[in-house]
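The values are calculated or read from the model by the stated rules, or taken from the named source; none is laboratory data. Computed from a prediction, not measured in an experiment: that's the story for all the values here. Because the Cβ atoms are built from the backbone with ideal geometry, glycine has one as well, and the counts that use them run over all protein chains shown. What goes into the accessible areas is simple: the full protein's heavy atoms, side chains included, and nothing from ligands, DNA or RNA. Shrake-Rupley method; radii C 1.70, N 1.55, O 1.52, S 1.80 Å.
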Amino acid sequence: MDLTPFLDRESNNPLNQQLIEFFKSNMHNGRIKKGMKLPSKRHLAKKLLISQTTVERAYDQLLAEGYILSKARSGIFADYEELFLIHSDPKTAELPVQDINVLTNEIIDFHYGHVDSSFFPFSAWRKSVVASLDKYSEKLCRPGDVLGEIELRSLITEYLYQSRGVNCDPNQIIIGASTSYLLQMLCHILNTGFKVGFEEPGYPRSREIFELNRKEIIPLPLDSEGLRMDAVKKNIPDLIYVTPSHQYPLGRIMTINRRLELLKWAADNQSYIIEDDYDGEFRYSGQPTPSLQALDRENRVIYLGTFSKSFLPTLRISYMILPQSLLKKATEVTTLFKQTVSSNNQYALAEFILNGEWQKHLNRMRKLYRKKRKIILEAVKNELGDKVNIHGENSGPRILIDVYLELSEQELIQKAENHGVRVYPVSDSYKKGSALKTMSLGFSGVSEEEIKRGIYLLSKSWGIK
Ligand SMILES: Cc1ncc(COP(=O)(O)O)c(C=O)c1O
């Protein structure tokens with residue numbers, strides 16, 4: 001195994017101790033499995049530019065504790081007995097944490113962008129793929145439409161009108177392989193230097209796309225109703241990027257009054273609003289709020305949507321709806337770039353939507369996420385108690401927790417990881433930085449049992465229980 005322990009030479013923790021901790025934690029989280037050959041003392045010392053004695057001390061300690069064994073003339077091997085944690089086994093449910101560490105094999109990953117494979121309709125999807133190959137075989141042999149296949153654009157138009165009140169003609173839709181790519185196109189379409197008003201905190205990937213295109217970013221603060229209009233009026237951006245139906249990352253929902261105020265401001269100032277409606281399908285309480293695009297009477301909204309959250313992130317199908325006034329330029333730009341999503345996948349998705357499978361899947365996911373959300377909220381309240389503040393729980397498949405512990409953000413993440421749990425900070429969403437230590441817990445890709453176990457391990461790893 002070519003292992004590279006990271007050693008902190010500035011730390012008060014001796015190097016041999018750091019090595020011991022590295023090997024133990026990697027055995028606990030299953031990355032180093034029983035029987036794996038470890039680097040020789042000489043090799044490791046040379047690689048890390050440390051003395052062989054330091055490595056020897058570390059290996060001796062691991063040997064004494066039974067983590068490794070040394071075989072004459074063969075080398076040093078991990079000897080850590082790894083048992084698989086069976087989540088539903090009542091015998092393991094109440095084990096103290098050190099035993100749970102020993103049993104945990106796989107990382108419980110609270111990534112926001114994962115989907116739960118056990119609920120994905122693979123069989124219906126397979127049928128759609130096959131049916132689309134038969135149905136569209138002729139069309140698949142010719143260059144596709146640069147805007148995206150009209151069959152899919154028409155279905156998206158219909159779906160968005162029904163579910164989000166979006167008003168558009170299929171010729172206003174451009175399909176693309178990612179939200180970032182579509183924003184890149186938009187920069188070419190608008191093609192002048194402009195100031196972008198951006199939520200603070202906001203979606204870092206989109207912010208970076210604008211920065212890459214040398215646009216000036218103006219961080220705009222938020223309050224409980226959404227984007228603060230006093231900041232908008234003071235800075236007068238040419239373009240504003242917002243996530244009104246599920247603010248990224250805070251999870252707030254922009255109120256109807258604030259939506260109308262923002263639209264009026266955009267109309268008065270001839271500015272565009274980019275509405276990123278990336279997971280508007282999942283809302284848990286209150287009345288669904290119409291999209292900004294649905295409320296817009298002055299053609300100021302550019303609407304972005306994606307199938308990454310509501311269907312499959314690897315499909316790479318996202319879309320942008322432009323006001324009529326931008327279409328001429330958009331056609332020039334898209335002709336140059338051509339279409340980035342394969343026609344195959346577009347036709348398969350069209351077939352899937354046409355057969356009613358898409359709606360069925362969405363309904364199933366809404367129900368499932370509602371259930372998982374209830375489980376994670378209960379688990380966090382029970383296990384993490386008043387050491388955290390929960391927010392952002394009213395929409396989308398994730399919650400946020402502000403953590404009130406004397407541990408740095410990096411320590412919180414590392415300690416969790418050492419216990420087999422992966423959590424994500426939201427600090428990269430701030431351009432100016434945040435005083436809070438906030439962690440994102442996405443629950444779309446973890447099972448109900450994993451949620452309970454993961455939160456339990458989190459409380460152990462952070463020293464709460
Ligand atoms: C705020 C936001 N917008 C858009 C997307 C979707 O990106 P894409 O269409 O590239 O998959 C995501 C996915 O995580 C997101 O968080």
Could you compute how much accessible surface Lys37 exposes when probed at 1.4 Å, giving the result in Å² to the nearest 10?
100
The range 122-355, relative contact order [Cα under 8 Å, separation at least 6], %:
29
Relative contact order of the chain, pairs being alpha-carbon contacts under 8 Å that are 6 or more residues apart, as %
19
Packing-ranked peptide list from 388-396, 131-139, highest mean Cβ count within 10 angstrom first, is 388-396, 131-139
Provide the per residue accessible area, probe 1.4 Å, for the range 15-78, rounded to a whole number of square angstrom.
53
By accessible area with a 1.4 Å probe, ligands and nucleic acids excluded, highest first: order of Cys168, Cys141, Cys187:
Cys141, Cys168, Cys187
Within the accessible area of the range 15-78 (1.4 Å probe), percent carbon and sulfur
50
Tell me the carbon and sulfur percent of the accessible area for the range 122-355, rounded to whole percent, probe radius 1.4 Å.
51
Take Glu281, Glu411 and sort them by solvent-accessible surface of the protein heavy atoms, 1.4 Å probe, largest at the top.
Glu411, Glu281
Tell me, what is the 1.4 Å probe accessible area of Met229, in Å² to the nearest 10?
10
Beyond 32 Å between alpha-carbons counts as too far, so tell me which of Lys47/Lys465; Lys374/Lys465; Lys33/Lys465; Lys309/Lys432 fall in that bin.
Lys47/Lys465
Listed peptides 59-67, 316-324, 444-452 by packing density, highest first (mean Cβ within 10 Å)
316-324, 444-452, 59-67
Please list Phe77, Phe352 in order of solvent-accessible area, largest first, computed with a 1.4 Å probe with all protein chains present.
Phe77, Phe352
If you count only protein heavy atoms with a 1.4 Å probe, what accessible area per residue comes out for the range 360-405, rounded to a whole Å²?
45
More than 14 angstrom apart: percent of Cα pairs within the range 15-78:
54
Calculated [θ] (222 nm, deg cm²/dmol) that DSSP helices of n ≥ 4 give over the chain, each run adding -39,500 (n - 2.57):
-13000 deg cm²/dmol
For Ile108, what residues show an amide H to amide H distance below 5 Å, using hydrogens built from the backbone and excluding near sequence neighbours?
Val421, Arg422
Mean accessible surface per residue for the range 122-355, computed with a 1.4 Å probe while every protein chain stays in place, in Å²:
42
Reference-scaled alpha-carbon Rg (2.2 N^0.38 Å with N residues) for the chain:
1.13
